[in-house]
Amino acid sequence: MTEITIVGLDLAKRVFQVHGATADGGVAIRKKLSRGQVLAFFADLPPCVVAMEACATAHYWAREIGALGHTVRLVPPAYVKPFVKRQKNDAADAEAIAEAASRPTMRFVEPKSSRQQARAMVFRTRDLFVRQRTQTINALR
């Protein structure tokens, strides 16, 4: 098996797409994984860079995959879009994520801890309650 240096992981509800690339940009692996297979796949993989689009679940996966010894990079979705070469599908997204993360000038998002995510959820929930209260008051007027 060729040396995989960067893996693009497209997150989904059930089936995740993996695109592994070598140092010269060649394709080393393209694979579909179910949610239960993801951690087992990365546990068997030698340490490399794992890139994902930054979203709420990406922070969880970044913590889990990072604990296995991989370097995790979260790429903002707006920075991935220009690298999609063909139709918009999960396999093409995984390839675009790997390509975007391999760029030397790319900006990455720092993975959040579970405590940071919980704190953000509390703030968003409070904001929702304040907006709903204001809507109710305005409706009663």
Practice task
Count charges around Leu45 for me, please; just the other residues with Cβ under 13 Å from its Cβ, Lys/Arg as +1, Asp/Glu as -1.
Solution key: -1
Fill in the blank from the handout: A convex hull over the alpha carbons of the chain yields, per residue, a volume in Å³ of 144
Fill in the blank from the handout: Net charge (Lys, Arg +1; Asp, Glu -1) of residues whose beta-carbon lies under 14 Å from that of Val109, Val109 excluded, is +2
Handout entry: Accessible area of Leu68 in the full protein assembly, 1.4 Å probe (Å², nearest 10)
Key = 80
Completion exercise
For the chain, longest principal axis from Cα atoms; helix 90-101 axis from its Cα atoms; angle between them, nearest 10 degrees, is 80
Exercise for the section: Return the FRET efficiency for the residue pair Ala56, Asn138: r is the Cβ-Cβ distance, R0 is 30 Å, and the value is rounded to the nearest 0.05. Expected result: 0.50
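For Leu39 and Val15, calculate 0.36 nm times their separation in residues minus their Cα-Cα distance, and state this gained length in nm to one decimal. Each step should come with its number before you reach the end.
Numbers: separation 24, 0.36 × 24 = 8.64 nm, distance 1.32 nm.
Additional length available on full extension: 7.3 nm.
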Completion exercise
With the 1.4 Å probe rolled over protein heavy atoms, the chain has an accessible area per residue in Å² of 64
Exercise for the section: Kindly report, to the nearest 10 Å², the accessible surface of Glu3 as traced by a 1.4 Å probe over protein heavy atoms only. Expected result: 130
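Could you put Asp90, Asp24, Asp10 in order of accessible surface area, largest first, with the 1.4 Å probe and the full protein assembly present?
So the residues, ranked largest to smallest area, are Asp24, Asp90, Asp10.
With charges set only on the Cβ (+1 for Lys and Arg, -1 for Asp and Glu), what does the dipole of segment 6-110 come to about its Cα centre, in debye to the nearest 20?
Approximately 300 debye in magnitude.
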Handout entry: Length gained when the stretch Phe129-Gln116 is fully extended (0.36 nm per residue, less Cα-Cα span)
Key = 2.7 nm
Problem - Spatially near lysine pairs across segment 18-123, Cα under 23 Å, sequence gap of 8 or more or different chains - result: 7
Practice task
Could you pull the accessible area for Met121 with a 1.4 Å probe, rounded to 10 Å²?
Solution key: 100
Problem - By average C-beta atoms within 10 angstrom, highest first, the peptides 12-23, 75-86, 108-119 - result: 12-23, 75-86, 108-119
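The values are calculated or read from the model by the stated rules, or taken from the named source; none is laboratory data. Because the structure is predicted, anything quoted here is derived from the model rather than measured. Note: ideal-geometry Cβ built from the backbone for every residue, glycine included; neighbour counts use all protein chains shown. Heads up: the accessible areas ignore ligands, DNA and RNA and are worked out on the full protein's heavy atoms, side chains in. Shrake-Rupley method; radii C 1.70, N 1.55, O 1.52, S 1.80 Å.
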